[in-house]
Amino acid sequence: MLRDAALVAGKDLRIELRSKVATNQVLPFAVLTLIIFAFALDADRGLLSTVAAGLFWVTVLFSGLLAIQRSFALEAGDDARDALRLSGLDGAAVFLGKAAAVTVQLLALEVLLAVGAVVLYDVSLSGAALLIATCLLATAGIAAAGVVYGAVAAGLRVRETLLPLLLLPVLAPVLLAAARASEAALATTTAAGWPWVRLLAVFSAVYLAFGVVAFGPLLEEA
Amino acid sequence: MTDAPYIYAGYAATAAVIGAYAAWIISKTRKLRRNTNKP
Amino acid sequence: MTTSTRATRILGWATAITMVLTGWMALVISPADAVQRDAVRLLYLHVPTAWIAMYVSFGITTLASALYLWKRTRSRFWDIAAGASAEIGLVFIGLTLLVGSIWGRTTWGVWWTWDARLTSTAVLFVTYLGYLAVRRIPHEPLARSRRAAIVALAAFLNVPLVHYSVEWWRTLHQPASILSQRRLGDPQIHGVMAWTLLLAVVAFTILYAWLLIHRFRLAWVEEQAEEDALAIAIAERHAEADATPEPQVTS
């Protein structure tokens, strides 16, 4: 099954490399969001660096919405969804593959956004281990929950408005935990951050497990 | 009673919301039943 | 035309009687609290709506969704029950937030605060709003029911995650004090107040049952109407096709 998941992940990532939608649309959107926050908060550098962690993760969340919509738009044309179902691939494998692809894309985005935050918000990075653990687990959680709800909204005419409505309340704990952990890392009070990382781990585990079980039925029907 | 306006407002709002909701359910049911009973 | 049956008439009367009794107990008989004075009377509304929404309404939605998804028990009954229960739960949570806000105004002086319980409840509200949105996807009944059921199960998973993380988040920022929000939210209830609360919970539970039956029936009739409309539209298409003569090929 893991090999099938790798197949699906590889397919999604290869399509992305060729079409470059994430790099051409999602990345600029993310950087633009960072800039817009500066407008909204009156470019007060002190304030921006204080709230940088929160702004970073809100941006990641909104960009994640786009990445997930994209992940399912890949199969919207040419009956690709039916092809996917008839391919005999296990629902769990498709889920893990798609979640992996989204995770990779979001992680790449996060690296670039971190650079953006350092430059635009006058942030000095510290607590590397904590930051990396936070990013890995939070992104896994976003991708897992995102792919589940992406499948719920996939193929529907209202998908663009439905996905945010469903996903954002669900990801509230991730936003909370990731922002607090990142803040702790940046403030070099890393001890306070690691408990939040545990929460992120629980969240990711729960949604990965749920996705593995629920994705088959979601793919099944029309 | 201290804070009387707030307390009455709370009770009134609760009654209003539930009353409106129940009324909506019942009136919509009546309307649909009338339509589907037509030959 | 009457929409009631024996069951709803009994429940309806029971609701009315228990509600009137509760109102009398809550507003007249029971005493004011030592700390929050008469504001405690709002809790006789706020607490029951919260409990019944969370444990009864959404619990039934989760259960019914699971039964709908499981092949052996799959039936329209469970799908409709899940939706009806969730909608009532949503109304109750809305009331919880509304009355809670008024209560907060009288005790804490603010209409809203990012206290753990209020925050989790707000997220809960939006979560089930999303569930109902999935149930109302236009034009795609086949997709609706199964996806909604899965969303309901995911929502059930999400509730403790949200609750725990928000609770933890806010306790880290909450200084302990005599007038702290936590203590005001957990009055030492005893005696008449405890009985009043119990009566209120009973009254709201009966109300929930009465609303559930009516809402279920409405959803059932709505589905019938949708199916009938579809059948009529198909019949009309057929009639059109029969009425149009085949084009003649002239040699």
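Here is how the numbers come out for the structure above:
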item	result
Condition broken by A:ALA43, with the remaining ones in (1) surrounded by 12 or more Cβ atoms within 10 Å (Cβ to Cβ); (2) part of a helix (DSSP H, G or I) satisfied	(2)
Filter result for C:ALA122 (buried (at least 22 other Cβ atoms within 10 Å of the Cβ) and modelled with pLDDT of 90 or more)	no
Residue within the stretch A:77-85 that is under 14 Å from the mean Cα position of the chain (by Cα) and either within 14 Å of another protein chain (Cβ to nearest Cβ) or at pLDDT 85 or above (or both) present	no
Filtered residue count, the stretch C:87-105, keeping only those that are over 17 Å from the mean Cα position of the chain (by Cα) and surrounded by fewer than 20 Cβ atoms within 10 Å (Cβ to Cβ)	2
All helices (runs of 4 or more DSSP H) inside the stretch A:127-188 with 1 or more residues being in contact (Cβ under 8 Å) with a residue 60 or more places away in the chain, surrounded by 20 or more Cβ atoms within 10 Å (Cβ to Cβ) and away from every other protein chain (no Cβ under 12 Å)	A:128-153, A:172-186
Residues of the stretch A:140-198 satisfying the condition of being among the hydroxyl-bearing types (Ser, Thr, Tyr) and closer than 13 Å to A:LEU65 by Cα	A:TYR149, A:THR161
A:PHE29 vs. criteria touching a Ser or Thr at 6+ places or on another chain (Cβ under 8 Å), surrounded by fewer than 17 Cβ atoms within 10 Å (Cβ to Cβ) and in a helix (DSSP H, G or I)	yes
Subset of the stretch C:12-26 that is in contact with a helix residue (DSSP H, G or I) (Cβ under 6 Å, 6 or more places away or on another chain) and within 12 Å of chain B (Cβ to nearest Cβ) - its residue that is nearest to B:TYR8 (Cα to Cα)	C:ALA26
Boolean, A:THR103 is free of Cβ contacts under 8 Å to residues at least 40 places away in the same chain and surrounded by 17 or more Cβ atoms within 10 Å (Cβ to Cβ)	no
Boolean, C:LEU45 is free of Cβ contacts under 8 Å to residues at least 60 places away in the same chain and either surrounded by fewer than 23 Cβ atoms within 10 Å (Cβ to Cβ) or within 26 Å of B:TYR11 (Cβ to Cβ) (or both)	no
Flag if C:LEU98 is touching a residue at least 12 places away in the same chain (Cβ under 8 Å) and not basic (Lys, Arg)	no
Condition check for C:ARG37: among the basic types (Lys, Arg) and more than 14 Å from chain A (Cβ to nearest Cβ)	yes
Candidate set from the stretch A:189-222 (those that are surrounded by fewer than 20 Cβ atoms within 10 Å (Cβ to Cβ) and polar (S, T, N, Q)); member that is farthest from the other protein chains (Cβ to nearest Cβ)	A:THR190
Every residue from the stretch A:184-216 that is among the aliphatic types (A, V, I, L, M), within 29 Å of C:SER65 (Cβ to Cβ) and touching a helix residue (DSSP H, G or I) at 6+ places or on another chain (Cβ under 7 Å)	A:LEU199, A:LEU200, A:ALA201, A:VAL206, A:LEU208, A:VAL212, A:ALA214
Close pairs from the stretch B:5-33: first within 7 Å of chain C (Cβ to nearest Cβ), partner outside any helix (DSSP H, G or I) and among the small types (Gly, Ala, Ser), Cβ under 8 Å, at least 6 apart	B:TYR6/C:ALA39; B:ILE7/C:ALA39
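The values are calculated or read from the model by the stated rules, or taken from the named source; none is laboratory data. All of these numbers come straight from a predicted model, not from anything done at the bench. Counting neighbours? That spans all protein chains shown, and the Cβs are built from the backbone with ideal geometry, glycine included.
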